[in-house]
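Asker: Once you've had a glance at the structure underneath, I'll fire off some questions.
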Amino acid sequence: MSPSSTDTCGITAGSTITVEWHHNGDQGPVISASHKGPCMVYMAPLESNGEGNVWFKIFEDGYDSKSKKWCVDKLINNGGKLNVVIPKDIRPGGYLLRTEIMALHNARDVGGMQDYANCAQLQVAGSGSKTPKGVAIPGVYKADDPGILVNIYKKLSEYPIPGPSVYTGA
């Protein structure tokens, strides 16, 4: 979806959706290969308008020390596509979906992380009844959090993905 779209995507709780990233709309590169970093996906009830402690994380992928690949590397290799499972136990209704990439190529300095976020509107069908606890965006991250203030050019044995834990259901 484009940042200015007013379309709503109808989905079923528990299904897998594919979000797609491109630097310049539907064409061109996904993101610069130098922009290493994690990917996160959040949801919030539509009636909240995204305000307050309403955003719950449904997906995260950071750094794999064995393959030495970041989520951004995987995203580029997959043509900008990222598959995400919508929690099956959430209550049906309207939701905001926030996809986010953190580019860490300048993150060795406070304020150097570059955040690339986009939102879409979903209409979720299903029989769930849960409203997961959320966090506020903005507000969930601090400029000196360990996964935001980090030198990715040093050998990393692990990487702490910023933000709350992924909601895994009841």
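The values are calculated or read from the model by the stated rules, or taken from the named source; none is laboratory data. No experiment lies behind these values; they were computed from the predicted model shown. No Cβ is skipped: glycine too gets one built from the backbone with ideal geometry, and neighbour counts run over all protein chains shown. Ligands, DNA and RNA are stripped out before the accessible areas are found, and what is left, the full protein with its side chains, is counted by its heavy atoms. Shrake-Rupley method; radii C 1.70, N 1.55, O 1.52, S 1.80 Å.
Asker: In segment 15-121, if the dipole is taken from +1 on Lys/Arg beta carbons and -1 on Asp/Glu beta carbons about the Cα centre, which of Gln121, Asn78, Ser32 is farthest to the positive end?
Answerer: Farthest towards the positive pole: Asn78.
Asker: Only four residue types carry charge here, +1 at the Cβ of Lys and Arg and -1 at the Cβ of Asp and Glu. Report the dipole size of the chain about the Cα centre in Debye, rounded to the nearest 20.
Answerer: On the way: 16 positive and 16 negative charges, 100 e Å.
Using only the charged Cβ atoms, the result is roughly 480 debye.
Asker: Say each of Leu156 and Lys68 gets a label point 7 Å from the Cα, pointing the same way as Cα to Cβ; how far apart are those two points in nm?
Answerer: Output for this residue pair reads 1.4 nm.
Asker: Hey, another quick one. Take the solvent-accessible surface of the protein heavy atoms, probe 1.4 Å, and return the percent of it on the chain that carbon and sulfur atoms account for.
Answerer: On the way: 4440 of 9090 Å².
The C+S portion of the solvent-accessible surface of the chain is 49 percent.
Asker: Another question, if that's okay. With the contact rule set at Cα under 8 Å and sequence spacing of 6 or more, what percent relative contact order holds for the chain?
Answerer: That works out to 30 percent.
Asker: Moving on. Under a 1.4 Å probe, what is the accessible area of the chain per residue, stated in Å²? Show your work: numbers first, answer last.
Answerer: Numbers: 9090 Å² over 170 residues.
Value returned for the chain: 53 Å² of accessible area per residue.
Asker: Okay, moving on. Per residue of the chain, what 222 nm ellipticity follows from adding -39500 (n - 2.57) for every DSSP H run with n ≥ 4, rounded to the nearest 500?
Answerer: -1000 deg cm²/dmol
Asker: Under 15 Å from the Cβ of Lys133, count the other residues' Cβ atoms, weight Lys and Arg +1, Asp and Glu -1, and hand me the total.
Answerer: Combined, the nearby Lys, Arg, Asp and Glu give +2.
Asker: Sort the following peptides by mean Cβ neighbour count (other Cβ atoms within 10 Å, averaged over residues), highest first: 50-61, 103-114, 8-19.
Answerer: So the order, starting with the most tightly packed, is 50-61, 103-114, 8-19.
Asker: Further question on the same structure: Could the peptides 117-124, 142-149 be put in order, highest first, of the mean number of other beta-carbon atoms found within 10 Å of their residues?
Answerer: Order by mean packing, descending: 117-124, 142-149.
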